[in-house]
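To keep things clear, I will list the structure first and then write my remarks on it.
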Amino acid sequence: MRSTTSRIRLLSATALLAATAAVGLTGGGAAAQAAATYRAQYHFTVPDHWKNDPQRPVYVNGKFNYYYLYDADYPTEVGTAWRLATTTDGVAFADQGIAAPKKTNANYDLWSGSAVVDTANTAGFGAGAVVQLVTQMDHPVNASGPQAQFLWYSIDGGRTFRPYGDTPVIPNGGRRDFRDPKVSWDAARGRWVAAITEGDRIGFFTSPDLKTWTWRSDFVGGMGILECPDLYPIRADDGTTHWVLGVSAGGTPGTYAYWTGAFDGAAFTADAATPQWLDHGFDWYAGVTWEDPAAPADRRFGMAWMNNWAYADTTPTWASDGFNGTDSIVRQITLKHYADGYALASQPTPALASHASSVTNLGTIQVDDGLVPLAYHGTAYQLDTDVSWTQLDNIGLQLRVSADGTRHADAGIYHDYSYLNRRQTGQPDTTGTRGESHAPWNPAKTSAHLRILVDRTTIEVFVDDGRYVHSSEVFADPADTGVNLYATGGSATFANTTITQFPDLSQRPAHVVSGFEGSSYDPGWTTTGSFTGTGPSFEYLPGMVGNAVLDTFAGGGDPATGTITSPSFTLDRNHLHFLLAGGHHPAETSINLLVNGQVVRTATGDDTGVLKPIDWDVSALQGQSAQVRVVDQATGAWGHIMADQLLLSD
């Protein structure tokens, strides 16, 4: 263990036990802990309850749709849905609620998979439909069943999904483990390709239409059970193009392992049998990558779940803030040619800099065989520094230092490896086996650039160009805010040392005004005319969410007239989304937003029964009381209107 404590000061056994107990909730007193927040300031966190695996974002209508596995019933019940957040830059996210709900069909909950935009309508759901291939249990009995791959689809830009029946499009075929399909379009061969984990190997499948799949080959990883595969081509900095096959794997470090190699549309051939690691910390799992639209051949983005199944429920965030689920920062990933071959390098996405609220230059600091405290305290920031030395044993930074100096996390370089050590502060692994992560370092080098992202429960350390990164949870006491520089066995210079701070970027949870799922309208809704005494319709409409919709045809067909009006609600988000179909009669069949009794937004149908998304920007009306009123005064052809899933979100 390359802890600075053993080389700079002696930490007693009693103090060490206190520092690692209760995942770092030591010091500060019970009242201080109760008032503290552990929600990350500039990393993605689930609004409530639970999240685990990220799902690869897809670009739709000028934004990235980021889906992730979400359990609204945590901690009393397991089982995940797909929840949606949108982002334009991968830093600030806006919650959009559940996109693919669990318990919708006979296969219960949804596990990991991938979504694609079916631009050419190969699946027949419509050009531009968002289609997801996802793992579910095939008709489980007693909450257990064979894992298989199922198809879900969305015709409203990926906001809401429906299952394509209850039958798998890729059956299990007798496999014990068979999950996490990663789908991409193979333009060279005009077909879809899917990488799916099959226990200790990855199977490759192809399809012309996302519905009919053919097994082509498999690749044995030699690393035990594999999950969350990733497959893509990328052009290296020397101009050559290579394929990368990634997986999440157990062992050490147990994050995102990858091989560079070649893929011929059916089989992957690795350059070497032993994989490399995109992250050497302990908490960068279920990682996904996706193309950078600005340079799709040369760069990708990537993110992962900052947790570990060895201690997934060990976190102070549930007691303090009612959630368990934090993601890594989104990275920009490139492929570089090094002396020992090709390897991925990653850095925080450049868009992070645009969210900085302040940048403080601390200049150059000399450290002579000891500790130098920085004139900065904080729990959420980015620290950059260029470190150089002539001869020494150990160099680095103590982060989240307690007032008495006994608690801290250490990031640094020792002889032939870089490291992140969390043993002397709140660490989630009570066994102590995942206390310090290591990554290779050339001992002949005498300088390094360290870029360190510290947030309330996480630390990510990028060494030099980011070929080697350490990402781990660190549950430090909220009162522990110090930063110390250290060097042992010599002196070091920390130049160009800067601290960048960020505002609170946590999402405001979306909320449903009405989903029209009951046999009667929600409490407070009022009806007039032909719609008095009616309720939502359970007749199927393309694009509907759940099992029912508002449909004025149900009040007596096209001749029916009247209004259906919501109770008052506060416009506390920037957008009001809903699905709309029916007659195109702007003055007679419409859905209206009323503020102070006046119509401020209105929409009508398009003379079809297909529900389509409507998005009203209500940011200028923030804080005002509003109502939604559905009006039907038309009695001829298409003299009715349908609406579903009224949702307020940012």
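Derivation of every value follows stated rules applied to the coordinates shown; laboratory data play no part. None of the values given here were measured: they were computed from a predicted structure. So basically every Cβ, Gly included, is an ideal-geometry build from the backbone, and we count neighbours across all protein chains shown.
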Entry for mean projected area of the Cα convex hull in nm² (calculated from the structure that is shown) out of (1) 44.5; (2) 28.5; (3) 30.2: (3)
Quick one: net charge of His337's neighbours, Cβ under 15 Å, K/R +1, D/E -1? -3
Return the distance in nm (one decimal) between the two label points of a simple spin-label model at Thr212 and Val141, each offset 7 Å from Cα along Cα→Cβ. 3.2 nm
Would you give the gap between the C-alpha center of the range 508-536 and the C-alpha center of the range 395-413, rounded to a whole Å? 56 Å
Only Lys, Arg, Asp and Glu count, each charged at its Cβ (+1, +1, -1, -1), so figure out the dipole size of the range 485-636 about its Cα centre, rounded to 20 debye. 480 debye
If you average the C-alpha positions of the range 236-251 and of the range 582-635 separately, how far apart do those two centres end up, in angstrom? 49 Å
Round to the nearest 0.05 the FRET efficiency obtained for Ala351 and Ala270 when R0 = 35 Å and r is the Cβ-Cβ distance. 0.60
Quickly work out the His584-to-Val372 label distance, labels modelled 7 Å from Cα along the C-beta direction, and quote it in nm with one decimal. 7.1 nm
Taking other Cβ within 10 Å of each residue's Cβ, how do Lys103, Lys51, Lys63 sort, fewest first? Lys103, Lys63, Lys51
Per-pair calculated FRET efficiency, R0 = 35 Å: Asp617 and Lys103 via Cβ, rounded to 0.05: 0.60
For Val595, net neighbour charge (Lys/Arg +1, Asp/Glu -1) across residues whose Cβ lies under 12 Å away: +2
Got a sec? Which residues in the range 554-586 would a label at Asn596 touch, if it sits 7 Å along Cα→Cβ and we count backbone N under 18 Å? 568-572
Using 0.36 nm per residue of separation minus the Cα-Cα distance, give me the extension gain between Asp465 and Ala294 in nm, one decimal. 59.5 nm
When each of Lys51/Lys103; Lys63/Lys211; Lys63/Lys336 is checked by Cα-Cα distance, pairs over 25 Å: Lys63/Lys211; Lys63/Lys336
So if I place +1 on the C-beta of Lys and Arg and -1 on the C-beta of Asp and Glu, and nothing else carries charge, what would the dipole magnitude of the range 49-351 be about its Cα centre? I want it in debye, nearest 20. 580 debye
For Gln624, put the label point 7 Å out on the Cα→Cβ axis and report which residues of the range 574-591 keep their amide N under 17 Å from it. 574-577
In terms of Cα to Cα distance under 17 Å, which aspartates and glutamates are near enough to Lys102, apart from those fewer than 8 places away along the same chain? Asp48, Asp53, Asp71, Asp73, Glu77, Asp138, Asp166, Asp180, Glu517
Residues Asp650, Asp53, sorted so that the one with the fewest Cβ neighbours within 10 Å comes first: Asp650, Asp53
Return the distance in nm (one decimal) between the two label points of a simple spin-label model at Asp504 and Ala72, each offset 7 Å from Cα along Cα→Cβ. 2.5 nm
Just going by the charge dipole of the chain, with Lys and Arg at +1 and Asp and Glu at -1 on Cβ, which of Val618, Val130, Thr37 is farthest out on the positive end? Thr37
Debye, to nearest 20: dipole size of the range 273-425, +1 on Lys, Arg Cβ, -1 on Asp, Glu Cβ: 240 debye
Ellipticity estimate at 222 nm from DSSP helix runs (n ≥ 4, -39,500 (n - 2.57)) divided over the chain, nearest 500: -1000 deg cm²/dmol
